[in-house]
Amino acid sequence: MKRIKWGTFISVLLIIMMVGSAVALNSYLVAFRAQYAGTTGSALDTCNLCHPGGNTGSLNSYATAYANAGYIYTAIENVDSDGDGFTNIVEINARTFPGDATSFPAVDTTPPTVTAFAIPATASTLIVPITTFTATDNVAVTGYLLTETATAPAAGAAGWTAAPPANYTFATAGTKTLYAWAKDAAGNVSTSLNDTVVITLADNTPPVVTAFAIPATSATLIVPITTFTATDNVAVTGYLLTETATAPAAGAAGWTAAPPANYTFATAGSKTLYAWAKDATGNVSASLSAPVVITLSLAAPTNIAPVDGSTVALSPTLQITTVFPDATGNSHQSTNWQIAADATFAAAGIVFSDMADATHLTSLIVPPGTLLPARTYYWRASTINTAVQTSAYSTPTSFTTQAVVMDAATGTVPDALAVKSGGVQITDLSSLTPAQLAAAGNISPQLVAGPNSVPLVNAGAGADKTQPSMMLVKSNGGTGQNVLGIVTPAGTVIENLTTTTTSSSAFGGAPTPPNINFPYGVVSFRISGLTPGASLDVTVYTPADLPAGAIWSKYSPSRGWLKIDAAGIYDSSGNFINANARFSVIGGRGVLTILDNGIADFSTEVAAGQAIVLDPGGPGIATAGGPVPGDGGNSGCFIATAAFGSAMNPYVGVLKKFRDTYLMASAGGRLFVKAYYRLSPPIAKTIAANPWLKYVVRIMLLPLIGFSLLALQANLAAAILAAVLFFVAIGFASWKIYRSRRRLATS
């Protein structure tokens, strides 16, 4: 009797686990059936659809693509997942496997046949109508094409149309032969039928421009066309304006089907404009012309700062003077800014160009990383008013950027950003009392005590280079009490350290990564003493430990805000760039690894044989409901990834989606995720190294996967109800076993 009770309990438990497993295993197949009606009961209605040989422990190329597409079947319909030459939707419709290169639809090798083709024997225009064009195919004709050559066109050539064309346009008159072709969906091209036409153009008389006028004077480079009319014995088909008396060709660029409403000159002064017309046969008229004197009423601005010939910092502020409203009563709309390496402003020498900037009208901070040290640059600006009139450029002035000083003697931290105690910048954390430390700001406890502490501010001219360099600075441009500690290895020197916010005008308004919060703003540092070509680890201590998934967001003038995680650098669209910089969180500290290889995006320089790194950026943390930073679909669910062997496994994807949908939406859930990220990596490492343990963990995870699937496809309440019933069943079975054992014990 005892054995029967235990057998009953185990059977119930196995049934419950099998239900969870079945929900997890069959959900994707159920979704496939729902998406593609008619596949139920077909060869595709098996585990072989996504798993080679039906082995659910591995995925084929179609299943991998499905996971990468966020588990959306329609997103990969036009993809050829198995590389057999047929898209996934074509294979599904043919009931062949889209993830198996040996399974594909039968290939159509029979070309279409052009059954009839005819054009008129004569024509008086270059546009010849198609009288007859029909074709047949054993499957379907998918393309029609007309050529003037007997050479068969490729199936991928330009010009194929889905229906027979109504006409064909020849380039010149004369005796012409036209060839008709057809193709099918498999790319088979028919032989041709051809017909001949003799084209004799009846129109040999060019059009006549009958009237043309523009204003005698203009205060803008855009001059309106007052009158432009033309006639032809057949029809005028084109109108053109030029600044030269040389007649344009009928095929020249710029012809319009209707008279233009205005013309834009490049510069001011006395100008003459010529009006032309053409007809369908390519006859071009003689011209009529009209003069205009353009005097721009918008005066050029004047450069104010930097003073001409002065020495400036690497991120100077440019400033101009303008007078608005201008002489015509218009206001200032935008400004064009340019910096060049030479006074001629040749295109190759322009290092910074910010055109039609409606935000920085009279002053602009040059973005960090744009200019090199100890270089002379020239700059100018022009203004645009609300009438879209552009002034001439200001008279260029020059400035020279400051030279790099390897060991700055003073000013390593701006006074307003320095962390102080009793009005004096802190240089020794170990000498401060707890009260003094608390008054100085929110400083990382790891900097105050512990095996990883660095008690001294060790940077600048008097630094001991045999020790690590460290500086303290107020975050977010000095706002609030948060303090950042920046530490670099022995042998390097932190020369300068500043902070600001991500909304600073120095970053040009470039949007930061979505769903990411920057609680400590942006930190800009100058670090010297690095061997050129070597990597540098910059450790960032924040007041509170950074979560495991934190990223580093770096500003680049040419690319905007870049995301850096443990794998490398990504652009603002999420595309991987390279691994020249990486960011990891180790024990709550952020470690930014930079390879100094001269790439401008990371503002690296070499002076006096030593490398210098400038890197404005800051640590970013996922906001509530946003993605886990640094996850990228390849990490995060460490234990599930280790058990199933890949972060792309659909079951791992279910757990990640449950995490992002429910756990990251609440404070308690985010706290759980943070703890999981801290504790699970060593467990996952053990699981990954033990095949037997991987199998056991897979079985244990199946009920959780089934719970997550039910929550995602129905709702969380339904999933919780199912879980409650699960535990009630276990409790009931346990109680029955307990009662049976007591009866046996007392009998």
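The values are calculated or read from the model by the stated rules, or taken from the named source; none is laboratory data. Computed from a prediction, not measured in an experiment: that's the story for all the values here. Methodologically, a virtual Cβ is constructed for each residue, glycine included, from the backbone with ideal geometry; neighbour enumeration extends over all protein chains shown. Note: areas computed on protein heavy atoms with side chains; ligands, DNA, RNA excluded. Shrake-Rupley method; radii C 1.70, N 1.55, O 1.52, S 1.80 Å.
Descriptive notes on the structure:
- Debye, to nearest 20: dipole size of region 261-405, +1 on Lys, Arg Cβ, -1 on Asp, Glu Cβ: 140
- Overall, the accessible surface of region 82-229 at a probe of 1.4 angstrom is composed of carbon and sulfur to the extent of 59 percent.
- Measuring only protein heavy atoms, the 1.4 Å probe finds ARG95 accessible over about 80 Å².
- Among GLY83, TYR66, CYS47 the positive-end extreme of the charge dipole of region 45-196 (Cβ point charges): GLY83
- For region 338-449, the square roots a ≥ b ≥ c of the C-alpha gyration tensor eigenvalues yield an a/c of 1.5 or more together with a/b exceeding b/c, which makes the shape prolate.
- Protein heavy-atom accessible surface, 1.4 Å probe, per residue over region 491-565: 32 Å².
- Whether region 54-165 is rounded, prolate or oblate, judged on the alpha carbon gyration tensor where a/c under 1.5 counts as rounded: prolate
- On a per residue basis, region 338-390 carries 43 Å² of accessible surface, using protein heavy atoms and a 1.4 Å probe.
- Overall form of region 219-324 per C-alpha gyration tensor (a/c, 1.5; a/b vs b/c): prolate
- For region 466-507, the calculated P(r), taken from all Cα-Cα distances in 10 Å bins from zero up to the bin holding the longest distance, is 27, 41, 25, 6 percent.
- Amide H to amide H distances under 5 Å link ASN517 with ILE621, ALA622, THR623, where only residues 5 or more positions off or on other chains count and H is placed in the peptide plane.
- Against the empirical curve 2.2 N^0.38 Å, the C-alpha radius of gyration of region 270-363 lands at a ratio of 1.68.
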